[in-house]
Amino acid sequence: LISGVNDSLEQAEKLSKLKKANEAKRLQAVNKLKKEYDDVSGITWYKNPYFKHYNDTNYVSLYIGKSSNSVWLRLRMSYEGDDWIFFENAYLSYDENTKTIIFDKYDDKKTDNGYGSVWEWIDVNVDESLYSYLKDMVNGKSLKMRLSGKYTKTRTISSTEKKALQDVLLAYDVLKNGI
């Protein structure tokens with residue numbers, strides 16, 4: 001009888017330690033993000049320091065907005081190069097599972113140029129369908145982004161970029177649902 005009680009106590013202690021370790025990992029995901037508070041709009045922006053969030057880079061990145069009553073996630077896909085691609089379609093893909101990223105070419109897409117380079121990017125709100133896809137994607141083996149229009153550019157998402165996406169998704173879950 002005493003042996004059974006001891007086993008139960010040991011198991012409860014192990015579960016408690018696992019729970020605390022998981023909570024620490026979840027909290028760390030938020031703490032590693034760079035926070036910027038906009039006192040005019042009352043929004044705190046959470047961005048992974050890995051993503052510079054400049055428009056003159058080739059990235060897929062995520063960032064979080066938080067106000068007093070809501071938390072939301074945004075996706076940015078950007079291209080930088082010597083030539084325009086004039087993209088009208090954006091795709092994310094992992095292990096042959098492709099998702100079309102819906103965007104308004106007038107409101108969500110921006111372009112710029114200078115110093116011999118051109119920049120094209122989109123910045124869109126992440127809905128539930130895209131969020132679900134992203135959670136699966138960051139656990140995939142071969143992640144890619146494609147921007148397609150007059151020309152097409154496809155690039156493999158780096159392992160560091162993938163880790164940064166995972167971190168932002170975990171932090172988003174913590175900010176939205178608690179530890």
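The values are calculated or read from the model by the stated rules, or taken from the named source; none is laboratory data. Nothing here was measured: the structure is a model prediction, and the numbers come from that model. So basically every Cβ, Gly included, is an ideal-geometry build from the backbone, and we count neighbours across all protein chains shown. SASA here: full protein model, heavy atoms, side chains in, ligands and nucleic acids out. Shrake-Rupley method; radii C 1.70, N 1.55, O 1.52, S 1.80 Å.
In the chain, Rg over Rh equals 1.10, where Rg is the alpha-carbon radius of gyration and Rh the Kirkwood radius from pairwise Cα distances.
Work out how much length Trp84 to Lys141 would gain on full extension: take 0.36 nm times their residue separation and subtract the Cα-Cα distance, in nm to one decimal. It would help to have the intermediate numbers written out before the result.
Details: separation 57, 0.36 × 57 = 20.52 nm, distance 2.94 nm.
Gain on extension, Trp84 to Lys141, equals 17.6 nm.
Per-residue 3J(HN,Hα) values for segment 105-121, derived from phi via the Karplus relation 6.51 cos²θ - 1.76 cosθ + 1.60 with θ = phi - 60°, read 5, 9, 8, 9, 9, 10, 9, 7, 8, x, 6, x, 10, 10, 9, 9, 7 Hz in sequence order (x marks Gly and Pro). Of the whole protein surface, Trp72 contributes about 50 Å² of accessible area at a 1.4 Å probe radius.
Couplings 3J(HN,Hα) of segment 144-154, computed from phi: 9, 10, 9, 10, 9, x, 4, 10, 10, 10, 10 Hz, in residue order, whole Hz [Karplus 6.51 cos²θ - 1.76 cosθ + 1.60, θ = phi - 60°; x for Gly and Pro]. For the chain, what does -39500 (n - 2.57) per DSSP helix run (n ≥ 4), summed and divided by total residues, give at 222 nm, in deg cm²/dmol to the nearest 500? One gets -11500 deg cm²/dmol as the mean residue ellipticity at 222 nm. For segment 60-132, GluC sites (Glu not before Pro) are listed when DSSP marks them as loop and at most 12 other Cβ atoms sit within 10 Å of their Cβ; the list is Glu96. Taking a sphere under 10 Å around the Cβ of Asp173 and counting the other residues whose Cβ falls inside, with K and R at +1 and D and E at -1, yields a net charge of +3.
With a 1.4 Å probe and all protein chains left in place, how much accessible area per residue does segment 92-162 have, in Å²? Don't skip to the end; give the middle numbers.
Values: 4310 Å² over 71 residues.
Result: 61 Å² of accessible area for each residue.
Working note: Karplus 6.51/-1.76/1.60 with θ = phi - 60° gives segment 13-21 the couplings 5, 4, 4, 5, 5, 4, 4, 5, 5 Hz, where Gly and Pro are set to x. Taking a quarter of the surface of the Cα convex hull of segment 97-179 gives a mean projected area of 7.2 nm².
Residues whose amide H falls under 5 Å from that of Gly81, counting only those 5 or more places apart or on a different chain, are Val118, with hydrogens built in the peptide plane. In a DSSP loop and with at most 14 other Cβ atoms within 10 Å, the chymotrypsin sites (Phe, Trp or Tyr not before Pro) in segment 127-179 are Tyr151. Within the same chain, lysines fewer than 8 places from Lys17 are excluded, and of the rest, those with a Cα less than 20 Å from its Cα are Lys25. The stretch between Asp112 and Lys25, if pulled fully straight at 0.36 nm per residue, gains 27.4 nm over its current Cα-Cα span.
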